[in-house]
1. Carbon and sulfur together cover what percent of the accessible area of the chain at a 1.4 Å probe radius?
2. Could you give the length gained on full extension between LEU49 and ASP11, defined as 0.36 nm per residue of separation minus the Cα-Cα distance, in nm?
3. Given the options GLN41, GLN30, GLN75, which has the most mean-square fluctuation in a GNM of the chain, springs set between C-alpha atoms less than 10 angstrom apart?
4. If the cut-off is 15 Å between C-alpha atoms, which aspartates and glutamates fall inside it for LYS42, apart from same-chain ones fewer than 8 positions away?
5. For the stretch 5-49, just the Cα set please: Rg and Dmax, both in angstrom.
6. May I ask you to list the aspartates and glutamates whose Cα is less than 18 Å away from that of LYS2, ignoring any residue fewer than eight positions away on the same chain?
7. Using the heavy atoms of the protein chains and a 1.4 angstrom probe, tell me the accessible area per residue for the chain in square angstrom.
8. At what distance in nm do the modelled label points of GLN29 and PHE84 sit from each other, each positioned 7 Å from its Cα along Cα→Cβ?
Amino acid sequence: RKLGLFYAAFDDTAGPVVVFQHPRDCVTQQMFDSISDYVIQKQDLCGSLLTVSAYRRKFMSYPLCVVDERYKRNQFLFAFGIVFPE
């Protein structure tokens, strides 16, 4: 049984942010701040399924990276995730 879904991305100004989630607040700001380093990954782990346990929940994410010089950092980092009860 899933608790929710989320889409997160690395914003060049704000850093890692939750762009969309359903239902609302399935990932609180406090939760995301503590797991964002594991959700938004560098190129080495992009394309890998990652799971983090925290706050009595499991956050499963699939980080991706689009490399292109049109992006400010020459890459766009984002992830799709599912939240499960632990």
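1. Looking at the chain in its full context, I get 50 percent from C and S.
2. Full-extension gain reported as 11.5 nm.
3. Result: GLN30 has the largest fluctuation of those listed.
4. Output for LYS42: ASP11, ASP12, ASP68.
5. Rg then Dmax for the stretch 5-49, in Å: 10.7, 30.
6. Output for LYS2: ASP25, GLU86.
7. 67 Å²
8. 3.0 nm
The values are calculated or read from the model by the stated rules, or taken from the named source; none is laboratory data. Bear in mind that the values here come from a model prediction, so they are computed numbers and not experimental data. Here Cβ is always computed from backbone atoms with ideal geometry, including for glycine, and neighbour counts include all displayed protein chains. Ligands, DNA and RNA are stripped out before the accessible areas are found, and what is left, the full protein with its side chains, is counted by its heavy atoms. Shrake-Rupley method; radii C 1.70, N 1.55, O 1.52, S 1.80 Å.
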